[in-house]
1. Long-range amide H contacts for Leu141: which residues qualify at under 5 Å (H placed 1.01 Å from N, peptide plane, sequence gap of 5 or more or a different chain)?
2. Provide the per-residue ³J(HN,Hα) series for region 139-146, in order, calculated from phi with Karplus coefficients 6.51, -1.76, 1.60 and θ = phi - 60°, each as a whole number of Hz, with x at glycine and proline positions.
3. Rg/Rh for region 84-180: what does it come to with C-alpha atoms and Rh from Kirkwood?
4. If packing is taken as the average number of other Cβ atoms within 10 Å across a peptide's residues, how do 90-99, 134-143 rank, most packed first?
5. Compute the length gained on full extension between Val72 and Ser147: take 0.36 nm times their separation in residues and subtract their Cα-Cα distance, giving the result in nm to one decimal.
6. Taking the Cβ of Ala155 as the centre, find all other residues whose Cβ is under 15 Å away and add up their charges (Lys, Arg: +1; Asp, Glu: -1).
7. Grab the other residues whose beta carbon is less than 13 angstrom from that of Gln117, score K and R as +1, D and E as -1, and report the net.
8. By the scheme Lys and Arg +1, Asp and Glu -1, what is the net charge of all other residues having a beta-carbon under 12 Å from that of Gly178?
Amino acid sequence: MSWHKIKICKGYLFSCLGLSTAILVWLQSQTQAQFISSVEPIEIYQLATPQILTIPPIRQSEITFTTKSESVNNPRDLLAPPLFNTSIVREFPRIWQMRVPLDQVDSLYATYDIRGQNGNDNAMSNEQHSDAAVPVVIEPLPIMEISRDPNSNTAVLQGGFRLKMDLSSSQFAGTYSGDLTVIVDRR
């Protein structure tokens, strides 16, 4: 093997190790999840949402693939980059609550929009490096009726979403944030 090929392989190996280290360091940041309070909305069409929603930390087991064997078939397999799961999914089924008249229980739908602190749509941006962002996809979860008041002829509904984060393009470890907009409307 020529010196030039060894140098390229060495650089490739170090870049894979660097990315692996960055992802694992990112996993170590401590976060807490804050959900909606147990106080139901009193007024009709009052939307109750948390002021801050923190995504639970990514665990190492969510991004690493375990292999059955730690042996290789040929020397080139040693230079293969490590395999990582770059798609992380979190579900937040109780993001909002709203009191509505009983006849409108089945006519509501929710839309969610997230914008990184740097202004990017459908992304969360790194708080230390504002130009770095992680793309996200938000899928609405079904709206659920959680209580019914026959005296006022109203029901309290709650809804949430599934958040899919794509870590394949993340360049920096650290804290990522964005602004979430929740809109509940009638069909």
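1. Gly160, Phe161, Arg162
2. Once θ is set to phi - 60°, the couplings for region 139-146 become 10, x, 9, x, 7, 10, 8, 10 Hz.
3. Here the Rg-to-Rh quotient is 1.14.
4. 90-99, 134-143
5. Working: separation 75, 0.36 × 75 = 27.00 nm, distance 5.78 nm.
Length gained between Val72 and Ser147: 21.2 nm.
6. -3
7. Local net charge: -3.
8. For residues surrounding Gly178, the net value is -3.
Since every read-out is calculated from the coordinates, none of them should be taken as a lab result. Keep in mind it's a predicted model, so treat the numbers as computed, not measured. Neighbour counts run over all protein chains shown; Cβ positions are idealised from the backbone, glycine included.
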